[in-house]
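*Asks:* I have a structure I would like to understand better, so I am pasting it below and will then ask my questions one at a time.
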Amino acid sequence: MSQSPLGLPSLPPIGLNRSSGLRRARETVVIGTLICCGLFSLLTTVTIIVVLTKETASFFGRDEVTVLDFITGTEWNPLLGNEKHFGIWPLICGTMLITVIAMGLALPLGLITAIWLSEYAHPTLRAVVKPVLEVLAGIPTVVFGFFALTVITPNLKWLHEGFGVYNAMSAGLAVGIMTLPIVTSLTEDALRAVPKSLREASYGVGATRFETSIKVVVPAALSGIVAAFLLAIARAVGETMIVALAAGSTAQLTINPQDSVQPMTGFIVQMVKGDVSNFDIEYYSLYAVAATLFIMTFLLTVVGHKIRVRFRQEYQ
Amino acid sequence: MSQASAIPSPRDPAPPIAANVRYKSRSQRKMIDMGFVAVCVTSASLSIIILLYLLASIARQALGVNFETNSFKNVLFSSAFSLTLISLIVLMIAGFGLLFGKRSRSRLITVAVAATLLVLGLLATVSIVKGESTYIYLTKTFLTEPHSYKPRNAGMYPAIIGSVFVCAVCAATAIPIGVGTAILLEEFKPKNNKLRRVQSFVQLNITNLAGVPSIVYGTLGLTAFVYMFGLFGTVNEPLLEIGSSKSGFYFRLPFGRGVLAAGLTLMLVVQPIIIVASQEALRAVPDSLRQGALALGATRWQTVWNITLPASIPGIMTGSILAMSRAIGEAAPILVVSAIGYIALPPQNLMGKFTVMPLQIFNWASEAKHEYHNVAAAGIVVLLAELLTFNAVAVFVRQKFTKQLS
């Protein structure tokens, strides 16, 4: 190190790793890598769409099935008998029935619990309940499936003789219990995002807590609440292990909750569990069902997103 | 909002109250309020009771007590077990308070009461169970033995090791890619309008990916990773093989129904979760830190690497741990990818046959023999214990390492 004219030690020489050229090069490389990471998620979506479209196209390319039969048919028996029928409606009906039962349990209970947590409960209690809800939302769905099969079904059978070993009610209730923490947690988030000033104004004109929650806070948070509900519905539609364990495997067009039904996810599980040879029509029907499922959940997500963006109220 | 013009001037008389509107009296309104509190408390406790009943019934079956409807002991057991769980939770929370917060006497009393209740609840649970149990399925050998055709000898050792393998692959791929995407979206926001539109499209796409059912990812994994679109021959006659399938190192294309394909499929499932959690963690870092670094002449990447990332690591870690706990519990995509019932040995290498814990539980639960339901319950206890450990670690990380930044 040389001494500068003033007698002070000079600054250390600027090394190679500090040259602006290298810095810029490293910056470019890093940003390039990050962009690759970001593109990966786009690639995932594109691959999902391409795979589902291609395999569904080869499903409809077969002689046994036409697009019209698939969309309008009311009979689904790809495995049994000589005459195979591929009408999607029994599967959609099964999915709908289970979703309706599940949401009939989860949405009202979840909404009321969320209102209570956000508007009435003591902050300490809320601080305890919130993490517990997060843990409960992480319980694997196979656990709820097991619960439905070994606990809910025997209880239902005890209540009424008509329930079979596999029935839509049991699976639907289990799906409802599974989505309950999700609905509660997300709805509570939406309610808490409403600014305090609105509540205080409402109390200021003499409203009770009930009137404040129902007439001020819930309408103000409505977009968030609806988005949470749609997310829960999407989860219920895509739920697999519960319905595979508890709903049975008879694809039929019914709205009787005592019957066994087969939702779309249940059919996919039945297909991959059995020894279906790889390039038969049954194998391709799996992709057609998966594509229908994908379209349904995709629409739900998009509608939820639109609602959240379109009807969001901005508060200071 | 056209209400500004509708505001009456102070001199106007008060608008008449419509004659047909019936106003509720103050006491009526108070009654409604109280009634709603009752409804709320009922629904909240109903949810809690359902969930505790779930845990109680599973623990019961794991201990070999079979389900009976309409039995007094069933109710008694559930309440005793609920008491145990509630006191355990109170004990944990109060204990955390004692460890990290102010040491106050009321907390000590809470801990003492909760501990007493816990002991009482445990005693009650054990005494009720002991009379009826046919066989306690949750034993030490349950963790060290493979599946067996005798339910009492069945264990989940291959499934535990399989889960570890699959989750390792999933973590090693999902965390870097997910965090990278989050950094790109949060820290390198483009100024140019077109690029900004691309960015918001990517963001919307991630929201959509988070909503895709996991079984759809399973079918994707089946085509993309197991068969590799049929580009490299079939699964039985792979195009490329390195090493032997018996040894520890073995690689081939296509991947086949092995650990690697399953881990990558799970990576697709949990990636949106990691991205969203990391984004939130990065967003929580105050802007002043970034601006300080940039003002000193750091490049954007240097700012991220030295300032933003270290500050947001607790949040990113918590999100990643929670995503991994989701990955451990996922059965549907693994079922599509692996499609194997029972295996006797844990996987030898990355391409090896495997099973994971939730899949093993699913297989046991769909057996016709009722003893296997007890075995499945024992498996669920192990799985839930592992998940609780994960969650506890996540809470600990969040508590311990989060610093006040602003």
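*Asks:* B:L359 - would you say it is more than 13 Å from the chain's Cα centre (by Cα), surrounded by 24 or more Cβ atoms within 10 Å (Cβ to Cβ) and within 11 Å of chain A (Cβ to nearest Cβ)?
*Replies:* Answer is yes for this residue.
*Asks:* If we scan the stretch A:206-214, do we find a residue that is at pLDDT below 90, in a loop (DSSP other than H, G, I, E, B) and under 24 Å from the mean Cα position of the chain (by Cα)?
*Replies:* The answer is no, given that none of the residues of the stretch A:206-214 is at pLDDT below 90, in a loop (DSSP other than H, G, I, E, B) and under 24 Å from the mean Cα position of the chain (by Cα).
*Asks:* Could you pull out every one of the helices (runs of 4 or more DSSP H) wholly within the stretch A:90-188 that has 3 or more residues that are under 24 Å from B:I334 (Cα atoms) and in contact (Cβ under 8 Å) with a residue 40 or more places away in the chain?
*Replies:* In the stretch A:90-188, A:123-137, A:141-147 are the helices (runs of 4 or more DSSP H) which contain 3 or more residues that are under 24 Å from B:I334 (Cα atoms) and in contact (Cβ under 8 Å) with a residue 40 or more places away in the chain.
*Asks:* Mind telling me which of the residues B:T223, B:T265, B:T181, B:T207 ends up being closer than 27 Å to A:E134 by Cβ, modelled with pLDDT under 90 and touching a helix residue (DSSP H, G or I) at 6+ places or on another chain (Cβ under 9 Å)?
*Replies:* B:T207
*Asks:* If you check B:L335, B:L350, which single one turns out to be buried (at least 20 other Cβ atoms within 10 Å of the Cβ), in the same structural domain as B:L289 (by TED's automatic domain parsing) and either at pLDDT 90 or above or of a type outside the set (A, V, I, L, M, F, W, C) (or both)?
*Replies:* Answer to the selection: B:L335.
*Asks:* Oh, and also: Conditions first: (1) within 16 Å of A:A290 (Cβ to Cβ); (2) modelled with pLDDT of 80 or more. A:T33 passes all but one, so which condition is the exception?
*Replies:* Result: A:T33 fails condition (1) only.
*Asks:* Could I ask something else about it? Could you tell me whether A:P140 is out of contact with any helix residue (DSSP H, G or I) (no Cβ under 8 Å at 6 or more places or on another chain) and either at the interface with another protein chain (Cβ under 7 Å from one of its Cβ atoms) or within 26 Å of B:L359 (Cβ to Cβ) (or both)?
*Replies:* The answer is no for A:P140.
*Asks:* Any residue at all in the stretch B:299-316 that is more than 12 Å from chain A (Cβ to nearest Cβ), within 28 Å of B:P213 (Cβ to Cβ) and at pLDDT below 90?
*Replies:* yes
*Asks:* So which residues in the stretch A:251-277 are polar (S, T, N, Q) and not in a loop (DSSP other than H, G, I, E, B), if there are any at all?
*Replies:* Within the stretch A:251-277, A:T265, A:Q270 meet the criteria.
*Asks:* Could you check, for the stretch A:237-250, whether at least one of its residues is over 26 Å from A:T141 (Cβ atoms) and either not in a helix (DSSP H, G or I) or not β-branched (V, I, T) (or both)?
*Replies:* No, the stretch A:237-250 contains no residue that is over 26 Å from A:T141 (Cβ atoms) and either not in a helix (DSSP H, G or I) or not β-branched (V, I, T) (or both).
*Asks:* Follow-up. If we scan the stretch A:64-85, do we find a residue that is assigned by TED's automatic domain parsing to the domain that holds A:N256, free of Cβ contacts under 8 Å to residues at least 12 places away in the same chain and in a helix (DSSP H, G or I)?
*Replies:* no
*Asks:* Shifting gears a bit: Can you find, within the stretch A:73-116, the residue that is nearest to the chain's Cα centre (by Cα) among those that are over 23 Å from A:G266 (Cβ atoms) and crowded, with 23+ Cβ neighbours inside 10 Å?
*Replies:* A:G110
*Asks:* Starting from the stretch B:184-213, keep only residues that are surrounded by 12 or more Cβ atoms within 10 Å (Cβ to Cβ), then list their pairs with residues that are at pLDDT 90 or above and not in a helix (DSSP H, G or I) whose Cβ atoms are within a distance under 8 Å, requiring at least 6 positions of separation or different chains.
*Replies:* Within 8 Å, the pairs are B:P213/A:E239; B:P213/A:T240.
*Asks:* Moving to a separate point now. Note down all Cβ pairs under 8 Å where the first residue falls in the stretch B:378-396 and is outside any helix (DSSP H, G or I), the second is of a type outside the set (K, R), and they're at least six residues apart or on different chains.
*Replies:* none
*Asks:* Output the qualifying pairs, or none if there are none: Cβ atoms under 7 angstrom, residues six or more apart or on different chains, first residue in the stretch B:215-226 and within 13 Å of B:V269 (Cβ to Cβ), second residue outside any helix (DSSP H, G or I).
*Replies:* Within 7 Å, the pairs are B:I215/A:T240; B:F225/B:F255.
The values are calculated or read from the model by the stated rules, or taken from the named source; none is laboratory data. Treat the numbers as computed from the prediction; the structure is a model and nothing was measured. Cβ atoms come from the backbone with ideal geometry, glycine included; neighbour counts cover every protein chain shown.
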